[in-house]
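The values are calculated or read from the model by the stated rules, or taken from the named source; none is laboratory data. Quick caveat, the model's predicted, so the values are computed rather than measured. Neighbour counts run over all protein chains shown; Cβ positions are idealised from the backbone, glycine included. With ligands, DNA and RNA removed, areas are computed over all heavy atoms of the protein, side chains included. Shrake-Rupley method; radii C 1.70, N 1.55, O 1.52, S 1.80 Å.
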Amino acid sequence: MIITIDGVAGSGKSTLGRMLADRLGLTFFSSGLLYRLKGLMASRGEEIALEDLVKTGRFRIRKDGVYLDGEKIDDVLQSEEVGKWAAKVAKDPSVRQQVNATLKLLAEGGNFVVDGRDMGTVVFPNAKVKFYIDADVMERARRRVLQLGLEPTEEVLREFAEKIAARDKADKEREIAPLKPADDAIIIDTTGMTPEEAVDIMEKHVMKHVPRVPLQAFAQKTLGPIFRGWFHIHFVGRFPKAGRWLMIFNHISNWDPPLIAAVSYPRQIEYMAKKELFQNSILKYLFYKLGAFPVDREAKDIRAVREAIRRLRQERIVGLAPEAHRSYDGRMLPWHPGVSYFIVKGITPVLPVAIKGLEGGVKIRELILAKRRVSIKVGEPVYPRDLYPNRDMDSALHFLREKVQQLYDSL
Ligand code: DC
């Protein structure tokens, strides 16, 4: 899922974008940072190719900010001086083209909340949800004055309001990529609203685009608490509230899929499950209704891959066990090489999950007496862009396997 947030300067786009992404479990990125990076380099008389920075793995987006060569650069980029340079380079069509191509690279796989001036109109015209944030000039002046720790006297406010109004005019009247709401944008005027109130509205709009699997949701609500209690489930991390994810997990027991689904509510997980489970017509009906779909583990099952892609494009969570078979002692089996296809091709980000506690098989007696303790942990998501500079099937498989192994070992 790609969510764009455009709007006037000082409307709080970045604050809202970051809060929204946090709530939903998606990545936030401010496109202005790329203009600022180009501006910083221009101020030093240097040239950089932004796309190469991403493809060589030198530029990374982490949870707490953006990194260049391992150093966090957010603060440097936010300086007033760099801002001026950014405004200058942002007028250059070739710079805009480079920034836009780089944004598309960073957003590959989706689950990306991005703010700017032309995100919904030019760069991501097919974004699932587009917001346009507006706010009264005087209110924006007041926010800015308070942010800078100044006294909000009438004179100071008027001075700031004039500057902001001039900037609005420049943004809206510029020739390339002028600031305007996309035809399908949701316009939110944040005048008189707290950030929380604005984000509540935004979240409601986004949630309309999160598909549900009704029977699984019902099972999660009714059986979920029972499973959680019966298996004493210790749950670490969280499932993203929105977006498409390929959820991969280590496989130790037939209980893994339902137990993971017992903690993923309000999201449902659509499991790619062995075709043997679909032989009986009653079970087949039930599994389909629960959101599962069959895969032939012994063959190159193109149909199952296509079905997974179709569901991912609908912004669903597809779950699969890359080992394809259960490991009774918890030692991970070899992984099916096809797993990395989805991320290497940029179809989806991956959500690694580890489950522990059911090794060795569960005996009926243990089951009845609720003897087993299960831990489930959701790791940090892996995006296609995180694979650079080695974005190939083998490296990706190794990388993801390590992630799940580390999660398992940490339980
Ligand atoms: O939002 P910001 O202040 O970080 O943006 C820095 C500069 O880049 C600013 O002059 C506006 C420009 N910009 C743009 O032209 N188009 C965008 N999508 C984002 C920023």
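What to note about this one:
- Note on the range 60-133: Kirkwood radius taken over Cα pairs, Stokes-Einstein applied at 37 °C and 0.692 mPa s, translational D equal to 235 µm² s⁻¹.
- Between the range 199-236 and the range 76-99, the alpha-carbon center distance in angstrom: 42 Å
- Counting only Cα atoms, the chain measures 78, 43, 36 Å along its principal axes, largest extent leading.
- For peptides 139-146, 240-247, 184-191, sequence by mean Cβ density within 10 Å, most packed first: 240-247, 139-146, 184-191
- Solvent-accessible area of the range 1-132 (1.4 angstrom probe, protein heavy atoms only): carbon and sulfur portion equals 48 percent.
- Just so you know, the Cα atoms of the range 75-211 work out to an Rg and Dmax of 16.7, 51 Å.
- Computed log₁₀ I(q)/I(0) - Debye formula, equal Cα scatterers, no solvent, the range 280-397, q 0.12, 0.15, 0.23 Å⁻¹: -0.58, -0.88, -1.44
- Accessible surface ranking that places the most exposed of H209, H234 first, with a 1.4 angstrom probe: H234, H209
- Cα centroid separation - the range 306-383 against the range 1-46, whole Å: 33 Å
- Multiplying the residue separation of D75 and D136 by 0.36 nm and subtracting their alpha-carbon distance yields 19.2 nm.
- Here E359 and Q279 are evaluated by their C-beta separation; at R0 = 30 Å the FRET efficiency comes out at 0.60.
- Calculated log₁₀ intensity ratio I(q)/I(0) where the Debye formula runs over C-alpha points of the range 1-117, q = 0.15, 0.17, 0.20, 0.23 Å⁻¹: -0.64, -0.84, -1.21, -1.61
- On a per residue basis, the chain carries 49 Å² of accessible surface, using protein heavy atoms and a 1.4 Å probe.
- Label zone of K221 (point 7 Å out along Cα→Cβ, amide N under 15 Å): in the range 243-269 this covers 265-268.
- FRET E, pair E203, R238, Förster distance 22 Å, beta-carbon r, rounded to 0.05: 0.90
- A convex hull fitted to the Cα coordinates of the range 157-215 yields 109 cubic angstrom per residue.
- Förster-model FRET efficiency, 35 Å R0, S410 and I186, C-beta, rounded to 0.05: 0.30
- Taken along the Cα-to-beta-carbon direction at a fixed 7 Å, the label points for K84 and V305 span 5.4 nm.
- Ligands, DNA and RNA aside, S31 has an accessible area near 0 Å² when probed at 1.4 Å.
- Distance (nanometres) between label positions extended 7 Å along Cα→Cβ at L148 and E47: 3.6 nm
- Fully extended contour minus Cα-Cα distance, from E402 to A170, at 0.36 nm per residue: 78.6 nm
- Dimensionless Rg/Rh of the range 27-73 - Kirkwood Rh, Rg from C-alpha atoms: 0.95
- Among the GluC sites (Glu not before Pro) in the range 1-52, those placed in a DSSP loop whose Cβ has at most 13 other Cβ atoms within 10 Å are E46, E47.
- Restricting the calculation to Cα atoms, the range 194-347 yields a radius of gyration followed by a Dmax of 16.5, 55 Å.
- Base-10 log of normalised Debye intensity for the range 154-264 (one unit scatterer per alpha-carbon) at q = 0.18, 0.19 Å⁻¹: -1.10, -1.17
- In this rough spin-label picture, where each label sits 7 Å from Cα along the Cβ direction, the Y288-R373 distance is 4.3 nm.
- Rounded D (µm²/s) - the range 337-411, Kirkwood Rh over Cα pairs, Stokes-Einstein at 37 °C, 0.692 mPa s: 235 µm²/s
- From the alpha carbon centroid of the range 274-295 to that of the range 155-184 is 56 Å.
- Surface calculation, 1.4 Å probe, protein heavy atoms: V156 sits at approximately 40 Å² accessible.
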